[in-house]
Amino acid sequence: MPPRIRSAAEDDLPALAHLDAEVFPAEPYPFYVLRQFFDLYSDHLLVLADGHTLYGYVLATSPKAGLSWILSLAITQDLQGQGLGRRLMVESLSHLRSEGVHEVRLTVDPDNDPAVFLYRHLGFVLAGDLRKDYFGPGEHRLLMTLAL
Ligand SMILES: CC(C)(COP(=O)(O)OP(=O)(O)OC[C@H]1O[C@@H](n2cnc3c(N)ncnc32)[C@H](O)[C@@H]1OP(=O)(O)O)[C@@H](O)C(=O)NCCC(=O)NCCS
């Protein structure tokens, strides 16, 4: 069965934590954070999976006053660069648009070229200068925004 995009289910959480640890080895989300994201945002948590394996996910916040944040996006290392991250983002943005979202925000490491390229290709633009120490000392981030 080819991988397809679907909403996450509760029993995806162990595989999601495994994928997150593989893709973000320095700072994966602790399991309890993923659990709480699922409880809060399962309507906006999409996974790319076949019957056995989870290959990617995207997590957005529920809209609030027409604004949503993309909190995380990841594709398993073996499948990066094949258009799957873009597919997940397009699906998530389309869902958000259908809910009346008019602005999407995200933050990204300024050295993360693949992610910055992807977001730019999707129409995200920089919102201001580099946010120094955004996620704590030395953890600078770019804030990007997309008008839907
Ligand atoms: C960032 C990430 C989600 C992108 O997903 P992906 O499936 O590898 O990317 P895609 O193949 O969908 O590429 C999307 C676009 O980015 C471009 N791109 C991807 N990698 C690139 C690179 N290294 N340099 C330049 N452009 C790149 C592609 O050309 C493509 O553009 P196009 O669709 O206009 O042709 C994935 O690489 C990943 O999981 N990285 C580790 C986790 C991470 O950094 N997540 C983002 C945190 S903000």
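Observations on the model:
- Build a GNM of the chain with springs between Cα atoms under 10 Å apart, and of F37, F117, F135 the one that fluctuates most is F135.
- Per-pair calculated FRET efficiency, R0 = 25 Å: Y32 and H121 via Cβ, rounded to 0.05: 0.15
- Local electrostatic count, F135, Cβ distance below 10 Å [Lys/Arg +1, Asp/Glu -1]: -2
- At q = 0.15, 0.19 Å⁻¹, base-10 log of I(q)/I(0) for region 46-130 (Debye sum, equal scatterers on each alpha carbon): -0.57, -0.89
- Here the Karplus curve 6.51 cos²θ - 1.76 cosθ + 1.60, taken at θ = phi - 60°, turns the phi angles of region 56-66 into couplings of x, 7, 9, 10, 10, 7, 5, x, 9, 6, x Hz, with x standing for Gly and Pro.
- Computed over the chain, the per-residue total of -39500 (n - 2.57) for DSSP H runs of n ≥ 4 gives a 222 nm mean residue ellipticity of -9500 deg cm²/dmol, rounded to 500.
- Bins of 5 Å from zero: percent of alpha-carbon pairs in the chain: 2, 9, 19, 23, 22, 17, 7, 1, 0
- Estimated dipole of the chain in Debye, rounded to 20 [Cβ of Lys and Arg +1, of Asp and Glu -1, Cα centre]: 500
- Debye, to nearest 20: dipole size of region 10-84, +1 on Lys, Arg Cβ, -1 on Asp, Glu Cβ: 300
- Shape category assigned to region 19-93 from the gyration tensor of Cα positions, a/c cut at 1.5: oblate
- Extension reserve of the D78-T53 stretch, reckoned as 0.36 nm per residue once the Cα distance is removed: 7.7 nm
- Cα gyration tensor category, rounded, prolate or oblate, for region 95-148 with a/c compared to 1.5: prolate
Every number in this text was worked out from the coordinates using simple rules, so none of it is lab data. These figures come from a predicted structure and were not determined experimentally. Cβ sites come from the backbone with ideal geometry, for glycine too, and all protein chains shown count toward neighbours.
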